[in-house]
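Participant: A single structure is presented below for examination.
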Amino acid sequence: MHTKLDIRLAQKLIMTPQLQQAIKLLQLSKLELQQIINQALMENPFLDEIPEETAEADEDEMYKTTTTSESDSKVEVEAEQVTPLDGMDLKWDDYLSDDGVDTKELSYFKDSDEDAMTYEQTVSRPSSLSEHLSWQLNLSTSDPVIKNIGEAIIGNIDDNGYLQATMEEISGICGVSKDIVLGVLTLMQGFDPPGIAARDMRECLLIQIAQLGFKDTIVEAIVSEHLPDFEKKRFPVIARKLGITLDDLSHAIKIIERLEPKPGRSFYSSDNLYIVPDVFVIKYEGEYLVILSDDGLPRLKLNPTYKRMLKKGSGLAEDARGYLEDKFRSAIWMIRSIEQRNRTIYKVAQSIVRCQEEFLEKGINYLKPLTLREIADDINMHESTVSRVTNNKYICTPQGIFELKYFFSSGLSTSDGNSCSSTSVRDMLQRLIADENHKKPYSDQQIMEFLKGQQIEIARRTVAKYRKELKIPSASRRRKLLI
């Protein structure tokens, strides 16, 4: 046992903080990147936002920067035209009128004429399910005990309109007996929408059946006693057990199919979520052009005032200089990381467009099988980098808006020796089932034979797999009626 020194040569990959920041920015969505930039603008004094007018004037330069190589990328610093604020004598009279109290020119003050409500304050908002039920509860009773129990019930109703708490739990919360809670629940089950506050689907349907006047009929018997057979479309079994004909059963089935299994569906939030594409693809003079979208993203520049303060002889204290140097390096790496992110997204999108040009021309049936490895080899990048770029990024094409990951799919062999994208096969399967006869839906075997007729080599279990991924039920569950 002894100690000695030796020299070894080894290769290691070290994740520097700058590299970690670049990787983090690469996989962020546009909204997340905007939040990161806004946070950096608040925390780093070296970062300034370029005004929109200046950004539009430099738009051509932005695209040049996008296509330049990484070695040629440099941070452009604005000319030092900002006068230091030290010792500046601000003349407040320039901001005020002659009387010194003109508040119309100051954005922090408003005249009484400007106190009118904005458009957003005047737009009506639809009531929620709980508000709708509370309104009916207040109209139905003035007893505070019943109201308290009713509010407890409303608070335990989910978005679908079902009660998620037991009678014991509600009685414990309100300090009353279960019989009183059950009486309030029966009262509320007569509220709108029909079937509300039910504890399961059978009770929900039975409430609606009673309100429609079909109590003590075949309709009620089917739901109360034969609901499992009804869900599995075992109509002959139901008819035999009830001792009725299939013709009588068909009328009852039509009534049940019109009932609402999710009473709270009509109160679902109708807020539309809009997708802002990161990349646009347009056709110009017979060629497809890739354009990056930077709408809503602040464009950054270095603050010349703080840069001047770092010059030698500025009289800064050692700790202040260290702080500014750290923020200066952080600002430069932030700008470079964003530029590198834009260049990488551009390269990946351009490679996808080259591979899927036939899809852009003719539609989904011409989507080619594509892997991350193929794109990575085309642009000389690692496969993991391409994966990060395509995460939460969207592209606007002549065929619609798609996530970048949409273009990556496995391939199925065709009888002519070529390959077909699995995404195209899923689309064909979905359209085939949408146009089928609902009385005689296609089985997985029939769908497989149809696809083979289209020269697509596919197994029946693969058809079943794609059908489940598309959330399409089996043929027996898609069948409407057997008569």
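Participant: If the requirement is being more than 30 Å from residue 430 (Cβ to Cβ) and either among the charged types (D, E, K, R) or outside any helix (DSSP H, G or I) (or both), which of these qualifies: 301, 368?
Facilitator: None of the other options fit; the residue is 301.
Participant: Here's another thing I want to ask about it. Is there a residue being in a helix (DSSP H, G or I), over 25 Å from the mean Cα position of the chain (by Cα), of a type in the set (Phe, Trp, Tyr) and in the same structural domain as residue 288 (by TED's automatic domain parsing) anywhere in segment 340-363?
Facilitator: No: segment 340-363 contains no residue that is in a helix (DSSP H, G or I), over 25 Å from the mean Cα position of the chain (by Cα), of a type in the set (Phe, Trp, Tyr) and in the same structural domain as residue 288 (by TED's automatic domain parsing).
Participant: Take the residues of segment 203-225 that are touching a residue at least 24 places away in the same chain (Cβ under 8 Å) and outside any helix (DSSP H, G or I): which is nearest to residue 192 (Cα to Cα)?
Facilitator: 212
Participant: Output the number of the condition that residue 403 fails; it satisfies all remaining conditions of (1) touching a residue at least 40 places away in the same chain (Cβ under 8 Å); (2) under 26 Å from residue 33 (Cα atoms).
Facilitator: Exception for residue 403: condition (1).
Participant: Still on this model: Report yes if residue 482 is at pLDDT below 85 and crowded, with 16+ Cβ neighbours inside 10 Å, otherwise no.
Facilitator: Answer is no for this residue.
Participant: Further question on the same structure: Please give the number of the condition residue 387 fails out of (1) closer than 17 Å to residue 351 by Cα; (2) assigned to a loop (DSSP other than H, G, I, E, B).
Facilitator: (2)
Participant: Keeping to segment 187-202, report how many residues are more than 19 Å from residue 169 (Cβ to Cβ) and either part of a loop (DSSP other than H, G, I, E, B) or out of contact with any helix residue (DSSP H, G or I) (no Cβ under 8 Å at 6 or more places or on another chain) (or both).
Facilitator: So the answer is 6.
Participant: Go through segment 403-434 and report how many residues are surrounded by 18 or more Cβ atoms within 10 Å (Cβ to Cβ) and more than 18 Å from residue 466 (Cα to Cα).
Facilitator: Looking only at that region, the number is 1.
Participant: Can you name the residue in segment 226-270 that is touching a Lys or Arg at 6+ places or on another chain (Cβ under 8 Å) and in a loop (DSSP other than H, G, I, E, B) and, of all such residues, is surrounded by the fewest Cβ atoms within 10 Å (Cβ to Cβ)?
Facilitator: The qualifying residue surrounded by the fewest Cβ atoms within 10 Å (Cβ to Cβ) is 232.
Participant: Looking at 372, 310, 316, 360, which one is touching a residue at least 24 places away in the same chain (Cβ under 8 Å) and more than 22 Å from residue 33 (Cβ to Cβ)?
Facilitator: Selected residue: 360, the only one of 372, 310, 316, 360 that is touching a residue at least 24 places away in the same chain (Cβ under 8 Å) and more than 22 Å from residue 33 (Cβ to Cβ).
Participant: Taking segment 319-349, which residues are out of contact with any Phe, Trp or Tyr (no Cβ under 9 Å at 6 or more places or on another chain), touching a residue at least 24 places away in the same chain (Cβ under 8 Å) and charged (D, E, K, R)?
Facilitator: Within segment 319-349, 336, 339, 341, 343, 347 qualify.
Participant: Something else: Against the condition out of contact with any strand residue (DSSP E or B) (no Cβ under 6 Å at 6 or more places or on another chain) and at positive phi, how does residue 322 come out, does it pass?
Facilitator: Taking the combined requirement at face value, the residue does not satisfy it.
Participant: Let me ask another. What number of residues within segment 9-48 satisfy the criterion of being more than 30 Å from residue 274 (Cβ to Cβ) and without any contact (Cβ under 8 Å) to a residue 60 or more places away in the chain?
Facilitator: Total meeting the criteria: 11.
Participant: Let me ask something else about it. Go through segment 128-147 and give me each residue that's surrounded by 13 or more Cβ atoms within 10 Å (Cβ to Cβ) and aliphatic (A, V, I, L, M).
Facilitator: 129, 133, 137, 145, 146
Participant: From the list 172, 190, 150, 155, exactly one residue is surrounded by fewer than 16 Cβ atoms within 10 Å (Cβ to Cβ), assigned by TED's automatic domain parsing to the domain that holds residue 259 and under 14 Å from residue 136 (Cα atoms). Which is it?
Facilitator: 190
The values are calculated or read from the model by the stated rules, or taken from the named source; none is laboratory data. Since the model is a prediction, treat every value here as computed from it, not as a measurement. Reconstructed Cβ throughout: ideal geometry from the backbone, glycine too, with neighbour counts over all protein chains shown.
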